[in-house]
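Q: Before we start, here is the structure in question, set down as C-alpha cells.
The values are calculated or read from the model by the stated rules, or taken from the named source; none is laboratory data. On a predicted model such as this, the values are computed, not experimentally measured, just so you know. Every residue, glycine as well, gets a Cβ built from its backbone with ideal geometry; the counts of neighbours run over all protein chains shown.
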Amino acid sequence: MHTTVAAERTVALAPPEVFALFGTAGSEGWLFGARCDAVAAGAIVSMRLPLDERGGTGGVDVLGRITRVAPAAAVEIEHTQPWRGRLSLRFAPAGSRGTRVQVRASVPPEGVEWLLHRRGVPLPEPPDDGAVRLGAITTASGPGAVYSMSAELMARLAVDEINDDGGVAGRRVQLLTADDATDAEQAALEAERMARLGCRAVFVNATSASFDAVRRVLEGRGVLVVHTVINEGGGDSPTAVRFGERPSAQLDALVAPAMRRADARRWFFVGQSYVWSHGAHAAAYRAVAHAGGQVAGEELAPLGTTDFGDTIERIAHSGADLVLSTLVGADEVAFERQSEAAGLRRSTRTVSLTLEESTLAHIGPRAGTGLQTALGYFQDNPLPGNDGLLARYREAYGSWAPPVTALSETVYEAIHRYARVLHVDPDGTTAAHGVALAARRPTRRDDTIGARDLVAPRLYVAEAGPGGLEIVDAVAGGR
C-alpha cells in the first residue's frame, strides 16, 4: 500500500509563466527546488520533496525522470532516489493572476521505512526463513546519489536471477539493502545491522570512505566485504575484495591522448578531500609527469560542495589548459555545469574519472559535451550479453529506470560471481570465498557480460556528446 503526501505553494504568476520557469535557475528554491534542462518526457529532473528528514525543514531530494507533460497544467515524474516512487505536479489558477502549484507524492512502504529510518527508527528485521542473506549498501541520498541511481536495482536483479535459477546450494538468496547517505558513519551502522542479521557478504556500492568504514567494522566477523565501484586501491585482503577500475589504468588511457589532442601540457586537478581523490591524484601526478606534462594547481573540496566559483577562478588564472576531475556525484554535476557557465570550457579540456551515464544526464548535454572518461562498462557498448542484460533490466524495472552504468553493473556481476563461489563451496570460510572471488579469470579477447575481469577490467575511452557517452577507444585492463 502506498502513502500519498501532498504539498502546495502559491506563486504570483500566471500558470503558463510558472510552468515556463519549472526546472530553471530562476525557480530553484521556491518551486520545490526543481532543476532540469528540458520539461519533456525522458528529461532528468531533481526536486526537493517537502518531507521532514531528520526533524528539520530541509526536505528530501529526489532524482528521476519526467514521464508526462501537459503544458501549463501538469508534470509527472518517476524517481529512483531515495526510493522508487512517483510525483505529480499540477499548476492551477489562483485568483486573477496567480498559480497554485501542487505536488503529490506516492510513497511506497520502502519509502516510508526510509523516512522513519532517517528519524532514528530501526528498520524492520525480516524473519529468518533459512535463506542465504547478502547485503548491499548503496547511496540513495546525499551527493553520491547521482552516480548510484541504478545500483540497488542491479543488485536486486542479480539476486532475482539467482533465485530463478534455483538459488545457492538449494537455498534461496535474500538481499538486505541500505542507504549510506554518502556518509561513512552511516555505512558502518548499516554494516553492523547486516552482520547482526547474518549476511554472508556485504557489497558496498558507495564511496571509498564508506568501504573503509564497512571493512573496519566487519573485520574478523566472518562477513566478506566487496567494494563494487571504481576505487583508488588498497585495503584488499582475503575478506575484503575491491573490484572496479583503478585511476592508474584510467589515467594511462586518458592523459597522454588528451595532451596530444589539445596540444597542451598544463593540468589542474580538482577533487574531493577524502581518500579517493588523494589516491587518484597521486596516480595523476605520475601519469602527467610520464607524459611530459606539468601540474599547474590542485584543489580538494569537501564532499557535498555546491559552489565551485573560487575553484573555477583559480583554474582560469593558473594557465592550465587541461583539467582532471575526480569529483563524484552531485559535486561533479555542479562543477561541470558551473565550468561551462563561466566559459572555462573555451580554454580547457576536461577528463573526468567518475563520469558515467547517470552523472552525465544530470550535467546535461550543453555542459557535458566534450568531457572524456575511461571506464570498464558503458550502457551502449556492444559487449556480448549486454543486450540481454538491458532487456531483463527494462523488463524488471520499466522504460524510465535509470541507466545501467559502470558504477552499477559491477555489483550485478559481483553478486552472481559470489553466488557461484558459494554454490561450489557453501561451507567454506570467508577468507576462502574471498580468495576465490578475487581470482583472475583467463584472458579473453573480448569482454562478455558475466565473465568480465572485475579485478582489472578492460577499459573503454568515451567522450560525451549530445547523444551521451560515445566510445572512441578500447584499451587493455590493468592495475
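Q: Return the residue satisfying two criteria in turn: it lies in region 175-198 and is acidic (Asp, Glu) and either in contact (Cβ under 8 Å) with a residue 60 or more places away in the chain or not in a helix (DSSP H, G or I) (or both), and of such residues it is surrounded by the fewest Cβ atoms within 10 Å (Cβ to Cβ).
A: Within region 175-198, the subset acidic (Asp, Glu) is 179-180, 183, 185, 190, 192.
Filter again for either in contact (Cβ under 8 Å) with a residue 60 or more places away in the chain or not in a helix (DSSP H, G or I) (or both), leaving 179-180, 183.
Numbers: ASP179: 26, ASP180: 30, ASP183: 22.
Result: ASP183.
Q: For region 319-338, indicate whether the set of residues that are surrounded by fewer than 21 Cβ atoms within 10 Å (Cβ to Cβ) and within 18 Å of GLY233 (Cβ to Cβ) is non-empty.
A: Checked against the condition, which is being surrounded by fewer than 21 Cβ atoms within 10 Å (Cβ to Cβ) and within 18 Å of GLY233 (Cβ to Cβ), region 319-338 yields no hits at all.
Q: Taking interchain pairs and intrachain pairs at least six residues apart, which have beta carbon atoms under 7 angstrom, with the first residue in region 129-147 and part of a helix (DSSP H, G or I) and the second of a type in the set (D, E, K, R) and surrounded by 24 or more Cβ atoms within 10 Å (Cβ to Cβ)?
A: Partner pairs satisfying both residue conditions: PRO143/ASP331.
Per-residue answers, yes or no, for (1) farther than 25 Å from GLU470 by Cβ; (2) among the polar types (S, T, N, Q); (3) in the same structural domain as LEU353 (by TED's automatic domain parsing); (4) free of Cβ contacts under 8 Å to residues at least 40 places away in the same chain:
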{"position": "GLY385", "(1), (2), (3), (4)": "no, no, no, no"}
{"position": "LEU389", "(1), (2), (3), (4)": "no, no, no, no"}
{"position": "THR405", "(1), (2), (3), (4)": "no, yes, no, no"}
{"position": "SER408", "(1), (2), (3), (4)": "no, yes, no, no"}
{"position": "ARG417", "(1), (2), (3), (4)": "yes, no, no, yes"}
{"position": "ASP427", "(1), (2), (3), (4)": "yes, no, no, yes"}
{"position": "VAL435", "(1), (2), (3), (4)": "yes, no, no, no"}
{"position": "ASP447", "(1), (2), (3), (4)": "no, no, no, no"}
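The rows are residues; the columns are (1) outside any strand (DSSP E or B); (2) among the polar types (S, T, N, Q); (3) modelled with pLDDT under 95.
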{"site": "THR67", "(1), (2), (3)": "no, yes, no"}
{"site": "ALA72", "(1), (2), (3)": "yes, no, yes"}
{"site": "TRP83", "(1), (2), (3)": "yes, no, yes"}
{"site": "SER106", "(1), (2), (3)": "no, yes, yes"}
{"site": "ALA155", "(1), (2), (3)": "yes, no, no"}
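Q: Further question: Would you confirm whether any residue within region 333-341 is of a type in the set (Phe, Trp, Tyr) and within 27 Å of ILE449 (Cβ to Cβ)?
A: As a first pass, look at region 333-341 and keep what is of a type in the set (Phe, Trp, Tyr): 335.
Filter once more, keeping what is within 27 Å of ILE449 (Cβ to Cβ): none.
Checked region 333-341: no residue is of a type in the set (Phe, Trp, Tyr) and within 27 Å of ILE449 (Cβ to Cβ).
Q: For region 244-278, which positions are under 26 Å from the mean Cα position of the chain (by Cα), farther than 18 Å from GLY376 by Cβ and surrounded by fewer than 21 Cβ atoms within 10 Å (Cβ to Cβ)?
A: Answer for region 244-278, where residues must be under 26 Å from the mean Cα position of the chain (by Cα), farther than 18 Å from GLY376 by Cβ and surrounded by fewer than 21 Cβ atoms within 10 Å (Cβ to Cβ): SER273, TYR274, VAL275, HIS278.
Q: Out of the residues in region 118-133 meeting the condition of being at pLDDT below 90 and surrounded by 12 or more Cβ atoms within 10 Å (Cβ to Cβ), tell me which one is farthest from the chain's Cα centre (by Cα).
A: By that ranking, first place goes to LEU123.
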